[in-house]
Structure formats: structure tokens, C-alpha cells
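First the structure, in the form of C-alpha cells, and then the observations on it.
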Amino acid sequence: MPQLLVQWIAGADARSLVAGILLALALGLYLYNAGRLAVIDVRSHLLPNRILAPWSGAALVLLGAAALLAGEPRVLLRAVTGSAILFGAYLLLHLLAPSGMGLGDVKLAAVLGLYLGFVSYMHLLWASVLAFVIGALWTAVLLIARRLTLRSSVAFGPFMLVGAATALAIPG
């Protein structure tokens, strides 16, 4: 995504510049909400709708407007499709193991899918793999250090956010 941001901001026309600015705002919104949600999820094991719902709407508007101004309507379609794919995958995980994956994680997946789908479908896969690998490694470290037991629950939202941020940093 950073590569696309630079490309659009450095574009020759005003529409490209505005698209780049909108994309930068969407990324800033990601960083702001990711920080808030990670702290809340670690403390309370909740990802509040009062943050997720407005973020989802704002991300759709910012990313959608950026794609359309840049003359890339396919990017908007891919972002919306990415959101649906990631939402569906996490919903399936929730239905299979409700105690392992909360509905907040499912709703967060929809928002992250917008960003990841904006870049590519492969980014959806990379972000998911990274989230589960980082989460498993962190949990293993805490188990070995005896800071957790096998009955403990671990907030998964922060791993989703880190996995997505890492994937977004990979050129599309």
C-alpha cells in the first residue's frame, strides 16, 4: 500500500493527488483505530462496535473515493470483495469454535478485508497467516513462561491488526 500511496501522490494530476491524500487518511485511520482496539482487546477481550462500525464506514468511503478518483474502480470492487471474503472466513471460524473466535474478531476481519483487498487478494491470505503465526508464537512463549495456562484465553484482535499491517507494508 505504501507504494500505491507514493505513486498516487506523485501523480501528474490533481485527481491522483487527492486519491493519494484520501489513501493516506485511510491509513492514518487504520493506525489510530488499530492502536485503540489493540489496547481495548488486550484489557477486556472486546472489540467494540462503537469503534468498528464508524471505522468500517469511513474506511469504505475513503478507500472507495481514492480508488474512483484514481480511475481504479476494480480496486474498490476488490476491496469490498476482500472484506466479504475475510468476514466469511472468520465467521466460519467463529461458528466452528465460538469460544476461540469472537464476533468482534469477525467484524474486525471485515474492516481489515477492505484494506487488504484494496491491495490484492494475496494480501488477505498473508495477513491471515501472519496473524495466526504471530498469535501462536506469542501464546507459546507465554505458555512456556507460565504466564498462561492451556485454559487461558488470548485476545486475537491485536494479532489480526499486526498481521494486516505487516501485509499492507508488502508491495502489491
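The values are calculated or read from the model by the stated rules, or taken from the named source; none is laboratory data. This is a predicted model, so every value here is computed, not measured. Here Cβ is always computed from backbone atoms with ideal geometry, including for glycine, and neighbour counts include all displayed protein chains. Note: accessible area is taken over every heavy atom of the protein model, side chains too, but ligands, DNA and RNA are not part of it. Shrake-Rupley method; radii C 1.70, N 1.55, O 1.52, S 1.80 Å.
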Give the residues of region 35-52 that are in contact (Cβ under 8 Å) with a residue 24 or more places away in the chain and open to solvent by 50 Å² or more (accessible area, probe 1.4 Å), sorted by residue number. Val42, His45, Leu46, Asn49
Taking region 141-152 and keeping residues closer than 26 Å to Ala127 by Cα, part of a loop (DSSP other than H, G, I, E, B) and open to solvent by less than 80 Å² (accessible area, probe 1.4 Å) leaves Leu148, Ser152
Please verify whether Ala79 is open to solvent by less than 60 Å² (accessible area, probe 1.4 Å), of a type in the set (Gly, Ala, Ser) and touching a residue at least 24 places away in the same chain (Cβ under 8 Å), treating the condition exactly as stated. yes
Taking region 102-129 only, how many residues are over 20 Å from Leu91 (Cβ atoms) and open to solvent by less than 40 Å² (accessible area, probe 1.4 Å)? 3
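So which residues in region 54-67 are without any contact (Cβ under 8 Å) to a residue 40 or more places away in the chain and aliphatic (A, V, I, L, M), if there are any at all?
Of everything in region 54-67, those that are without any contact (Cβ under 8 Å) to a residue 40 or more places away in the chain and aliphatic (A, V, I, L, M) turn out to be Ala58, Val61.
Please specify each residue of region 120-151 satisfying the condition of being of a type in the set (Val, Ile, Thr) and modelled with pLDDT under 95. Even if it seems obvious, please write down each step before you answer.
First, pick out the residues of region 120-151 that are of a type in the set (Val, Ile, Thr): 129, 133-134, 139, 141, 144, 149.
Passing the criteria: Thr139, Val141, Ile144, Thr149.
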For region 68-118, how many residues are within 22 Å of Ile170 (Cβ to Cβ) and modelled with pLDDT under 95? 2
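Of Leu124, Leu86, Leu91, which residue is assigned to a helix (DSSP H, G or I) and over 22 Å from Gly35 (Cα atoms)?
On the way: Leu124 fails: over 22 Å from Gly35 (Cα atoms); Leu86 fails: over 22 Å from Gly35 (Cα atoms).
Leu91 is the lone residue from the list that is assigned to a helix (DSSP H, G or I) and over 22 Å from Gly35 (Cα atoms).
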